[in-house]
Each structure stands twice: as structure tokens, then as C-alpha cells.
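Structure, as C-alpha cells:
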Amino acid sequence: MNTKELFSLLEQHKDKTLRFEYAPNAFVGANYHITEVKHIAVDSVDCGSQTDAWNETIIQLWESPLETNKIKHMSVLKALEILKKVGEIKPYDLSAEVKFEYSNSAFHTAQLFVNDFTLDNTKLILNLGIQKTNCKAKELCGIPETVINTLETVKTNVETCCSPKSGCC
């Protein structure tokens, strides 16, 4: 989901509470705050020496230890007001992918993608998830798309990919 799509979704559901499901049936507590919005410019080089660049919007969620008994979640309207205020100070790239940064005592810090959302009469739930790391230069480095089944195949592919003449870094 990009930043513009998130804002559009929030605009359509201002009357609801905003919830976050960070893992199946695991939700960010009602004591969460939006503590930071990061406008990230990524400028990268992959293992095939290919360059790439893109922007990301990362919204940090934090559960306040002073409000552990809180049961009412933030409204979509309040979240939208916070995000709009940020945009007045530092403009958004509306085409940037949006991620939510979150952790708690049982879940490591992660930047989570918006995989989907769920609606009911009172709440908007953003279903968050991870994406596994990936090699962007598979074709260039000769790594097959199929899953590698044996250790010998892995060894051969690593030697091919990582040899000085392979075209990889």
C-alpha cells in the first residue's frame, strides 16, 4: 500500500477506531501512539551491481507503558490529524510505500507492510506483515527461481554466483 492509498482509506473511515494486526490474531495494544513518521529515501546497489532508488513512509507505533490499562483505541480521525500535521512540516511522497515500525516485549522491532485491511461497524484494522529478503539479481547471478532442495545444489549455486567472474559484487 502506498502513502496515498493509506490516506484515502483513512479519509473514508474517520468514524472508526484504528487497529493494527501485526501477526495473525496479535494486535497492537490500545495504548499505542504514533511516535514518529520517517520519510526515507533508499538508494541501493544489489549484489549484481545494479542500482535502484525509491522512497518509503515509515510510521512508528509505540505502546505507552503508562497506559497499559487503556482499552479505547485511537480513532482513525486522530491518526489522520497526526499524519496530516507531519505532512505540513515534511511533505509526503504519496507514491512511497508505507510501512509501520513496531515492537513489543514479545515481538522484535520490524518494519511491517500493509498486506490488507478489515472493516466492521466500529473499526478499521490494518493487517500488517513482513516480506522476506530476496536477491534482486537472481537472473544476473544465475540463481534459479525455484526452491533449492539439496545442499550440493546450494553449494554449486553459491560458488557460481559468488565467483569472481560471475557478474555479482
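The values are calculated or read from the model by the stated rules, or taken from the named source; none is laboratory data. Because the structure is a prediction, the values reported are computed rather than measured. Glycine also receives a Cβ, built like all others from the backbone with ideal geometry; neighbour counts cover every protein chain displayed. For accessibility, only protein heavy atoms count, side chains too; no ligands or nucleic acids. Shrake-Rupley method; radii C 1.70, N 1.55, O 1.52, S 1.80 Å.
Overview of values
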read-out: Built amide H within the under 5 Å cut-off of K136, gap 5+; value: C47
read-out: Value of [θ]222 nm, deg cm²/dmol, for the chain, DSSP H segments ≥ 4, -39500 (n - 2.57) each, nearest 500; value: -7000 deg cm²/dmol
read-out: Residues K38 and L66, FRET efficiency given R0 of 30 Å [Cβ-Cβ distance, rounded to 0.05]; value: 0.80
read-out: The chain - percent of accessible surface contributed by carbon and sulfur, probe 1.4 Å; value: 54 percent
read-out: Length added when fully stretched, S103-E139, from 0.36 nm per residue minus Cα-Cα; value: 9.5 nm
read-out: Karplus-derived 3J(HN,Hα), 6.51/-1.76/1.60, for each residue of segment 113-120, Hz, glycine and proline x; value: 7, 8, 7, 5, 9, 10, 10, 9
read-out: Percentage relative contact order, segment 17-144, counting C-alpha pairs under 8 Å, at least six apart; value: 30 percent
read-out: Net charge over other residues, Cβ less than 12 angstrom from the Cβ of R19 (K, R count +1; D, E count -1); value: +1
read-out: Amide H contacts under 5 Å for F117, placed H, 5+ residues apart; value: N127
